[in-house]
1. Quick one: Debye curve from the alpha-carbon atoms of the chain only, equal weights, vacuum; give me log10 I(q)/I(0) at q = 0.07, 0.09, 0.10 Å⁻¹ to two decimals.
2. From the phi angles alone, apply the Karplus equation (6.51, -1.76, 1.60; θ = phi - 60°) to the stretch 36-44 and give each ³J(HN,Hα) in whole Hz, x where the residue is Gly or Pro.
3. Using the crude model of +1 on Lys and Arg Cβ and -1 on Asp and Glu Cβ, and no other charge, please compute the dipole size for the chain relative to its Cα centre, in debye to 20.
4. Just to compare against my own numbers: the Cα pair-distance distribution for the stretch 63-136, 5 Å bins, whole % per bin, please.
5. Starting from the 7 Å offset along Cα-to-Cβ, what nm value, one decimal, do you get for the label separation of Ser82 and Asn344?
6. Using packing as a proxy for protection, rank 65-76, 45-56 so that the peptide with the highest average count of other Cβ atoms within 10 Å comes first.
7. Using alpha-carbon pairs under 8 Å, 6+ residues apart, how would you state the relative contact order of the chain in percent?
8. Can you compute the charge dipole magnitude of the stretch 210-308 about its Cα centre, using +1 on each Lys and Arg Cβ and -1 on each Asp and Glu Cβ, nothing else charged? Give it in debye, rounded to the nearest 20.
Amino acid sequence: MRLKFWFSTLCVGLVLALGCNAVAQSGTFTTTGSLNTPRDSQTANLLANGMVLIAGGYDAGYSLATAQLYNPSTGVFTSTGSLNQPRYGATGTLLANGTVLIAGGLDWTASGGDVGPLASAELYNPSTGKFTLTGSMHVARWQPTATLLQNGSVLIAGGDNNNGEIASAELYNPSTGKFTLTGSMSTARTQHTATLLTNGEVLIAGGSGSSGGIASAELYTPSTGKFALTGSMTTVRYQQTATLLANGSVLIAGGYNGGELVSAELYTPSTGKFALTGSMNAARALHTATLLASGEVLIAGGISTGFTGELASAELYNSTTGRFTLTGSMATARDSHTATLLTNGEVLVAGGFNSSGDTASAELYHP
């Protein structure tokens, strides 16, 4: 009896010290510390020290400049240096030197005035906790994609500049701190996906253009600096997710095409073709997709039913079976959130938007 009582007391102490993580069941979400400020459409990057940088975003009608760090060992968010420019819909890329490149986005002021899409970019230095401006892009962009290439440079592609979607692309060189224009895409697009393939090329898929949704896809080859069309997706989709699987194929899931999509498809680099795979259990857009250590892909949240309902549900894609299965649901329904794989294999889901507005809540998924 004494041993049983001691063990129970120890478990309670562990829960108090470590949060629900100490006893969390596999395939479940547990709440963790909250952000200091509600936000959606922020950036999230896992730093070399294991902490997660959350920067910018949107809340209550305006863009944010604040940034916060999540410490997995304590489950607490703390403030860090602020961005030089408020922005949401920006890109965040962890560079090889450990700094984080934040580029573009939209600055909507607290007074309701639209400063517009941004060409500026800045670097976060974890050792100082500060953001410093770096070279600006040649084109102001909101909702572009950013891909870290194998040579250490960053490909920024597409986006919107308030005059319409953009076909141009540029490269950021961390050594010089400058952007240079590279080849343009065949199609101007925003809300698309960009995925680094194992051969070093970048797959650009879908998105929204001047005529609506896009099904086409193209490949960027760093050695030539050019884009070339590849096979098209089986359906038009934007606001989808794209995940590089362990076998080198790319899982494209959900998105929007006159309504949220339940379908998913796989891109095979060796054939340059897309083919349908199993469908999700729920149609969703503005969700997240995270490759787990097991090789499965965690799909979480998003919006469904004609942009009227956010989702708390989550599901796992198994590349061996080609099927999605439901897993535990989040405590809070959300879309436009972030999901970050931590060094311990858990996934931090933070912020987002739901029927109550922007949320500061965060939770952890336990594989």
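Read-outs: derived from the displayed coordinates by stated rules, not from any lab. Since the structure is predicted, the reported quantities are computational estimates derived from the model, not experimental observations. Here Cβ is always computed from backbone atoms with ideal geometry, including for glycine, and neighbour counts include all displayed protein chains.
1. -0.29, -0.48, -0.59
2. 6, 9, x, 6, 9, 6, 8, 9, 9
3. Once rounded to the nearest 20, the dipole reads 540 debye.
4. Distribution as computed: 4, 16, 24, 24, 18, 10, 4, 1 percent.
5. Once both label points are built, they end up 3.2 nm from each other.
6. Values: 65-76: 18.1, 45-56: 19.8.
Highest to lowest by the protection proxy: 45-56, 65-76.
7. Across the chain, relative contact order equals 13 percent.
8. 120
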